[in-house]
Every structure is written in structure tokens, then in C-alpha cells.
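Report on one structure; see the data block that follows.
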Number of protein chains: 2
Amino acid sequence: MSCDLMAIAHRAKAAERILALTDTDAKNRALLAAADALEAAAEEIIAENEKDLAAGRENGLSAALLDRLALNRARIVGMADGMRQIAALEDPVGVILEEFERPNGLHLTKRTVPIGVIAVIYEARPNVTADSAALCLKSGNVVILRGGKEAIRSNMAVANVLRHAIGAVGLPEDCVQLIEDTSRETATALMKLNGGVDLLIPRGGAGLIRSVVQNATVPVIETGAGTCQTYVDKDADLAMAVEIVYNAKTSRPSVCNACECVLVHRDIAGAFLPAAEKRLKEKDVALRADDACYGYLAQADHASEDDWGREYNDYILAVRQVADVEEAIDYIDQFGTGHSECIVTENAQTAERFVRCVDAAAVYVNASTRFTDGGEFGLGAEIGISTQKLHARGPLGLRELTSYKYEIRGKGQVR
Amino acid sequence: MSCDLMAIAHRAKAAERILALTDTDAKNRALLAAADALEAAAEEIIAENEKDLAAGRENGLSAALLDRLALNRARIVGMADGMRQIAALEDPVGVILEEFERPNGLHLTKRTVPIGVIAVIYEARPNVTADSAALCLKSGNVVILRGGKEAIRSNMAVANVLRHAIGAVGLPEDCVQLIEDTSRETATALMKLNGGVDLLIPRGGAGLIRSVVQNATVPVIETGAGTCQTYVDKDADLAMAVEIVYNAKTSRPSVCNACECVLVHRDIAGAFLPAAEKRLKEKDVALRADDACYGYLAQADHASEDDWGREYNDYILAVRQVADVEEAIDYIDQFGTGHSECIVTENAQTAERFVRCVDAAAVYVNASTRFTDGGEFGLGAEIGISTQKLHARGPLGLRELTSYKYEIRGKGQVR
């Protein structure tokens, strides 16, 4: 098994050198061919997906998980369109970041290069197979995919289609490899494949992220864990605050940029909370309030200590009163995950204090945290949202999948 | 012990929030005050250093290690001047990397911020204490230092001087903390201090780097390991090639950007090798040659398999013949550490092939690999040379010690 992994790593290495020298047109041709091939193979992919779904139902997978796992023609077309969009984006490789000459005449060019071999460990959704492959291919990186066992047949079907299409346009099929062995041991071995993997990106729930951080010896970018707060300041526009909280909580509660907790300034709690409750009840949001907020709400539960810093991924919202912006910042410092945080206020000074002090990938003034997303930021597409501070923060687009090197041209200079 | 570490981490966190909001002037005042204080305390520092040296002699430390450990007035003035130079550099924090407005009116500002808490694990040289503290302070980062036991008294003396000086100008002393417990257990616990350490930088030999990569669960930047090659192409200017190899090998053999192996094109081996040998013998460089090169040399040893990819850190040079630039690239791919690689050639096409294909932080055409250095690249100062591809590659200057965040300003936008 780990022998297979070594073989996979060797094939990846061989493909890496070819892909690093492949020009933009050839990469785009491969992406477009792969997109067409996905659509053409929709029936076979759906047939394999149905086997996964049947096994999932047998194993008692939840309805939500079955929904994430399910593929239909529309979803496959969505995957193909995603690949076409990535083909249309600018090539992030070969970009000159800096160019300068030193007093001794050495000419330095700092130029972007692919990272090399990127491994992605992910869970139920088979579209991650196509998304990750496309983003890595466009950025000149070879990808080793390790999806969840629930989706193994779907992932294999998708990966095979991609590999054939890539091979048919003359690039190495091994630009995309899927590990068919979904055992935990192989995943752990992948996390320790130093020399074979240049970057590991986990995409999934908190348990997966934790396991990767604990076990990986290869470089990792943590993604996803998002416990986002919205702070409603005493100087907030109340109607705006209600709409922002409503949107951040209810537009898609299962995602990492959804709001999990509202912090409300004590001077405005009495005005804000009943209005917010009325709006949130349209979507049957359950409220978990601290003692101070509880009295302002018609139908809340008492929050317990577990509610602070919790990622519900559901129509549940924690509500807590704070004395001022400093207490809001302290709360976020303690319970936030460094993903997205928001202040609603008309007071420019308070807003700047919040922006400067809150330590998160994205800090919002008067807008929903739901905007933290590669597409919404204009990056085109993303492979995840980084919540760590090394390498890249926030949405990981094509550019974030590159490294750089210094090219130094001289005329015989010695030191 | 790990209890102490938790206390250190808590103090670091408290200092982090203050330092992140400290303006450039205040940080520079602290750096200049610390530089002056180091000079003023030179005698006490030297007295403590002498205790380390005495203990080192008793424990049989090599002359080279004792030299790296030794402090005198000139070296202390050098440390102080280094801090003053860092004070004079531009503040890397608060720099706007990008600023743009989305079609929905959201205004995005991508701005540099400190990474947070940086831990540095290092070995014998006490000047790393002052260098690391200064670079971290200027970049708004709090530093936790863990030096080697050989230098503990010197490091404590230096750290105490820095802390007092920083405190005296009104910044938290805990911007700089030194772990006094030099046990391996505490070092390992530091490597696993997730939540308390945002970045760990190991500075030292291959053993230390390996231990950190294997054990750390916090984000790491690998530094230092450097096995650099110089490839002498058939179209090389021979005199230039000789001088570049001579400089790259002999100007300072103990450092990571020194040349360890010369690859020579077979068409030029007969002309190049005797000339190179003559020059290298001025510094008594021992040559370890493959069979093909051996015949061209007057006084070489036969290389063994162990010689390929070895970092000698000494006046020893491996010599190997290759058929062409492709074989040189293959060799570097197999044995290089991604640090610095050089081609000597007058053929522009061959040079570009080498530059494009060699996967290293710095790729040279017609210049000595010894230039890979923060000062030589114009970064001012460096905390190490990254040989990994994530976050930063090559010299780690002030800018490489920052992260960024997205500030998003809206007017109530929801998604």
C-alpha cells in the first residue's frame, strides 16, 4: 500500500517536470478537453455515483451527506463549466513579481513557478475532484487526490475521464492521480510523504483538518474551519445590521463563511434584538442567548458555555451582549478561527479600530461575511479558504498555488 | 516545564496585540535603544559568554563551535549595528498589496500584517538572539527564542538587555522571550504549541531541521540545508568558470550557499578541470572525482556514492562529468536541496533551459552561488534562507515575516 504511494509519488514527479514546462495554451487545451469529456461521460459517471449513493444509504449516511455526494447531469455540467472558467483565467506561472539590478550588476528576476506536487485530502463531494484537478493543472501543479470512501466510485470515474482527456491532448495523465485506497493508513502515509508532496491541502470538516495538522510532516495549508462573528455596534444602522445578520446566517448555513454568533453592543441590544429575531424567524433560526440578551428575545434558548466559538453549520445562532468594541474584539480573539469577522457601524473610528485589531483573513465593515470566497473576491476560483497565516490567507486561488524562484544573471560576479 | 511554556505563550499573546498596533517610530525607538543597551552592557555579556566558553571547553566543544559561540566587543558592536540597520529599513507592516472595488461596490484592501508569534529554535551562535529579536520586532512579531544549551548564559544576558531596553521605551518586554530550559522535551513541546505559535523557524544544522520537520505541528519554514551545484557548460567562458567555482567553494565553505559539487560538460572537462584544480589548490581544496574526471586531475580522490548530494561545509569539492545540460538538471533534481544552483555558459539558450528547469530558490547564470543572501539581494537583513516552496523561498527578510488580511468595506451588501 505505501509501496503504491511511492509509485504514485514517482509518477507525480515525472509528470511535474513536464507540466512545469508546458505552456499556457497546452494547459488550457487540456482543461477544455477535460470539460468536454466530463459532459460526454455524464451517464457513466452518474452510474458509478449511483453505486456510491446506494452504498451510502445502506451505511446510513445522513440525507445532507447523500445530497453532497449526489451527482446529476446539471452538477456534472457545473463541474465542466468550472473547468472552462479556470481555462479562461490568466496563467499564474511565469509572472515576474520583481525585477531589479544590484550595484554589482547582478540582474535579479523573481518569477512565479508551480509549487510542484499538491496533495488534496477531501471528504464527500465528488466535484472537488474536478475542481482541484483543474486549479492544479492551470497553475502547473501535479495533483494527488485522496477523496473519501463514500465517493470512491464517483471520484474514480471523474478522475479517469480527466486523465484520459489530459493524455489525449499530449500531457501526462499523471498530472492527475487519484489514490484508490481510502484507508486511514494510506491517508496518514500521504501526510508524511516528505520529498514527494510539496503541499497538502485538507478540505473537509474540523476532524479532518485536525488529523492533518497533527500528523502531517509535509507543508500544509489549513482551510475551512470557520466560526464567524458579526458585531453590531451601538452606532450601527439597525436595518442594515438586521439584513447583514440575516444574510450571513441564513443564505447558506452549512458553509464556513456563515455567521455563528452575533455580538451586540449593550446600548443597542434592546432595539436590535427584537428586530433581528423577527427577521431570523422567517427561516426558523434558533437563538441561543446569554442572560443579557435573553430578556430582549421572545423565543430564545439560554446559551451554554459550549455555544461560544461553536460552528453550528445549521439554522442556529448564538447571541451575546458586549460592553463595547473592545469586548467584541476580545471575544473574537478568544473564539474566532481567523476566517471572517464583521462589524456593523456608521462610526468610522470604531470601524477602523475593529479592522486594525481583529486578526482574521477577512475583516468586514458593513457587509455580510458570506462574501469570503474566491469568486466573490474576483480570484476566479478557489481550492479552499486558508485560515492560517503562512503562505496565503483567505481564498486560495490560482496565484496562491504558486511559489517563486529568483533567477540571477551575471557576467562572472564573485563575492 | 510545559506549564512554563504555556505561561510564555500567554505572555507572548498579550504582547502580540500591543505590538501589532505599535507604530513604526515606536518600534524603531525600541530597536535603537536595544542596540545602545547591548553596547553598554558589553562587559556583562562577555562575562556570561566566558562562562559558556569555559563550560564548552570542559565539554570538549570543537574549536569551530567555540569560535561560533565566542563574543567579544567587536561582535557585540556588530549585533548592535545589525539592529540599527534593521531600524533603518522600511516597516513591512501595513503595506497595501492590492486595493480594488468589486462590481457590487465592496471595497477590498489586502494589507500586510504581522504573522503573530514566531518561535526560533537555534544552535550555538548568540548573535542569532539579537538578529531574530530585531527582525521580529520590526515586523511587528513577538518572538519566542530557544537557543542551544552551549550558549544559554550568553543568550540570557543578551535577551535580558533587549527586554529591559524594549520595556524602557514603553513596549512590552515580552515582545522578546527566551526559553531558559534548553531540554529537548521543551523544544519538542514548543514545536507542538498550536494556537500559541504561528510560525516556527529552525536555524541550524541538518539534524535540527529534520527534527523540527518531523515533530512540529505548528507551521514551519525550513531553512538552511544547502547542497549547491555549479554546472560548467561546454560553452562556458573557462576563466570565468574557474573563478566562479573557486569563489563558490572557498570564500566561505561553512555556509549554505557554498558550492559542494561541480558538474562539468564532457566536451570541456579536459580543458576546465586542470585549470580549476590549479586555482583550487591555492586553498588546498580536496577534490573527489568520478571516474571520467579523475583522469584529468593531478591529485584527486575517487568519489564514492556518498559524495553526491553531500554538504561538506569544508574545503572539499565533488567533481562529476555530465553529457549535457539535461544530465546536469537531472543530477540537481536528484541531489540538490532547492537552495542555489549555477550554470556557467555563454550560450543563452542553454542558460534559459537551465533557469527554467532547475527547481531551486535561486538559479544563477554566470555568477557565484555565494550571493544567495538577504543583504546581497538587497533585502537588508534575513532570518534565514528558505529551501521550501510554501510562503517564501530564498532569503527571509522583513517582508517574508508578514502575512496579510483582507479589509472589506461595504454599505450593507449581502449575498
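Is it the case that some residue within segment A:393-406 is over 23 Å from the mean Cα position of the chain (by Cα), under 30 Å from B:Asp373 (Cα atoms), at the interface with chain B (Cβ under 7 Å from one of its Cβ atoms) and assigned to a loop (DSSP other than H, G, I, E, B)? If you could, list the steps in order and put the result at the bottom.
Initial filter on segment A:393-406 (over 23 Å from the mean Cα position of the chain (by Cα)): A:405-406.
Filter once more, keeping what is under 30 Å from B:Asp373 (Cα atoms): A:405-406.
Add one more test, that the residue is at the interface with chain B (Cβ under 7 Å from one of its Cβ atoms), and what stays is A:405-406.
With assigned to a loop (DSSP other than H, G, I, E, B) added as a condition, the list becomes none.
Scanning segment A:393-406 turns up no residue that is over 23 Å from the mean Cα position of the chain (by Cα), under 30 Å from B:Asp373 (Cα atoms), at the interface with chain B (Cβ under 7 Å from one of its Cβ atoms) and assigned to a loop (DSSP other than H, G, I, E, B).
Give, as residue ranges, the strands (runs of 3 or more DSSP E) completely inside segment A:256-364 that count at least 1 residues that are farther than 17 Å from A:Leu238 by Cβ and open to solvent by 30 Å² or more (accessible area, probe 1.4 Å).
Details: elements: A:259-265, A:286-289, A:316-322, A:340-344.
Passing ranges, in order: A:286-289, A:316-322.
Go through segment B:87-109 and give me each residue that's among the hydrophobic types (A, V, I, L, M, F, W, C) and either closer than 18 Å to B:Leu396 by Cβ or open to solvent by 30 Å² or more (accessible area, probe 1.4 Å) (or both).
Going residue by residue through segment B:87-109, those that are among the hydrophobic types (A, V, I, L, M, F, W, C) are B:87-89, B:93, B:95-97, B:100, B:106, B:108.
Passing the criteria: B:Ala88, B:Leu89, B:Val93, B:Val95, B:Ile96, B:Leu97, B:Phe100.
Kindly indicate the residue of segment A:330-355 that is touching a helix residue (DSSP H, G or I) at 6+ places or on another chain (Cβ under 8 Å) and either aromatic (Phe, Trp, Tyr) or at the interface with chain B (Cβ under 9 Å from one of its Cβ atoms) (or both) and also nearest to B:Glu98 (Cα to Cα) among those meeting that condition.
My answer is A:Ser340.
If you check B:Glu382 against the conditions, is it among the charged types (D, E, K, R), open to solvent by 10 Å² or more (accessible area, probe 1.4 Å) and away from every other protein chain (no Cβ under 12 Å)? Give the derivation first.
Working: among the charged types (D, E, K, R): yes; open to solvent by 10 Å² or more (accessible area, probe 1.4 Å): yes; away from every other protein chain (no Cβ under 12 Å): yes.
Answer is yes for this residue.
When you go through (1) aromatic (Phe, Trp, Tyr); (2) out of contact with any helix residue (DSSP H, G or I) (no Cβ under 6 Å at 6 or more places or on another chain); (3) more than 9 Å from every other protein chain (Cβ to nearest Cβ) one by one for A:Trp308, which number turns out not to apply?
Result: A:Trp308 fails condition (2) only.
Just one of A:Asn247, A:Asn194 is within 28 Å of A:Tyr364 (Cα to Cα), touching a helix residue (DSSP H, G or I) at 6+ places or on another chain (Cβ under 9 Å) and among the polar types (S, T, N, Q); which is it?
Details: A:Asn194 fails: within 28 Å of A:Tyr364 (Cα to Cα).
Just a single option satisfies the conditions, and that option is A:Asn247.
Does segment A:231-247 hold any residues that are more than 8 Å from every other protein chain (Cβ to nearest Cβ) and in contact with a Ser or Thr (Cβ under 7 Å, 6 or more places away or on another chain), and which are they?
A:Asp233, A:Asp235, A:Ala236, A:Val245, listed by residue number.
Within segment B:77-94, is there a residue that is away from every other protein chain (no Cβ under 14 Å), in a strand (DSSP E or B) and modelled with pLDDT of 95 or more?
no
If a residue must be touching a residue at least 60 places away in the same chain (Cβ under 8 Å), of a type outside the set (Val, Ile, Thr) and either over 27 Å from A:Gly140 (Cβ atoms) or open to solvent by less than 40 Å² (accessible area, probe 1.4 Å) (or both), how many such residues does segment A:60-86 contain?
Kept after step one, since they are touching a residue at least 60 places away in the same chain (Cβ under 8 Å), are these residues of segment A:60-86: A:61, A:64-65, A:69, A:71, A:79, A:82, A:85-86.
Now drop any that are not of a type outside the set (Val, Ile, Thr), which leaves A:61, A:64-65, A:69, A:71, A:79, A:82, A:85.
Still in the running and either over 27 Å from A:Gly140 (Cβ atoms) or open to solvent by less than 40 Å² (accessible area, probe 1.4 Å) (or both): A:61, A:64-65, A:69, A:71, A:79, A:82.
Going through segment A:60-86 one residue at a time, the tally reaches 7.
Checking the structure you have, find out if any residue of segment A:239-247 is open to solvent by 10 Å² or more (accessible area, probe 1.4 Å), assigned to a loop (DSSP other than H, G, I, E, B) and either touching a residue at least 40 places away in the same chain (Cβ under 8 Å) or closer than 24 Å to A:Ala348 by Cβ (or both).
So in segment A:239-247, the residues open to solvent by 10 Å² or more (accessible area, probe 1.4 Å) come out as A:239-240, A:242-243, A:246-247.
With assigned to a loop (DSSP other than H, G, I, E, B) added as a condition, the list becomes none.
No, the conditions are met nowhere in segment A:239-247.
Considering only segment B:200-211, I want to know if a residue exists there that is within 22 Å of B:Cys256 (Cβ to Cβ) and basic (Lys, Arg). Walk me through how you get there before you give the answer.
Residues of segment B:200-211 within 22 Å of B:Cys256 (Cβ to Cβ): B:200-211.
So of that shortlist, the ones also basic (Lys, Arg) come out as B:203, B:210.
Checked against the condition, which is being within 22 Å of B:Cys256 (Cβ to Cβ) and basic (Lys, Arg), segment B:200-211 yields at least one hit.
Being under 19 Å from B:Val232 (Cβ atoms), at the interface with another protein chain (Cβ under 9 Å from one of its Cβ atoms), modelled with pLDDT of 95 or more and surrounded by fewer than 23 Cβ atoms within 10 Å (Cβ to Cβ): is that true of B:Ala367 here? Let's see the steps before the verdict.
Working: under 19 Å from B:Val232 (Cβ atoms): yes; at the interface with another protein chain (Cβ under 9 Å from one of its Cβ atoms): yes; modelled with pLDDT of 95 or more: yes; surrounded by fewer than 23 Cβ atoms within 10 Å (Cβ to Cβ): no.
So B:Ala367 fails the test.
The values are calculated or read from the model by the stated rules, or taken from the named source; none is laboratory data. As the structure is a computational prediction, the values presented were derived from the model and not from experiment. For neighbour counting, all protein chains shown are included, and Cβ atoms are generated from backbone atoms with ideal geometry for every residue, glycine included. Just so you know, the surface numbers come from the protein's heavy atoms only, side chains and all, with ligands and any DNA or RNA stripped out. Shrake-Rupley method; radii C 1.70, N 1.55, O 1.52, S 1.80 Å.
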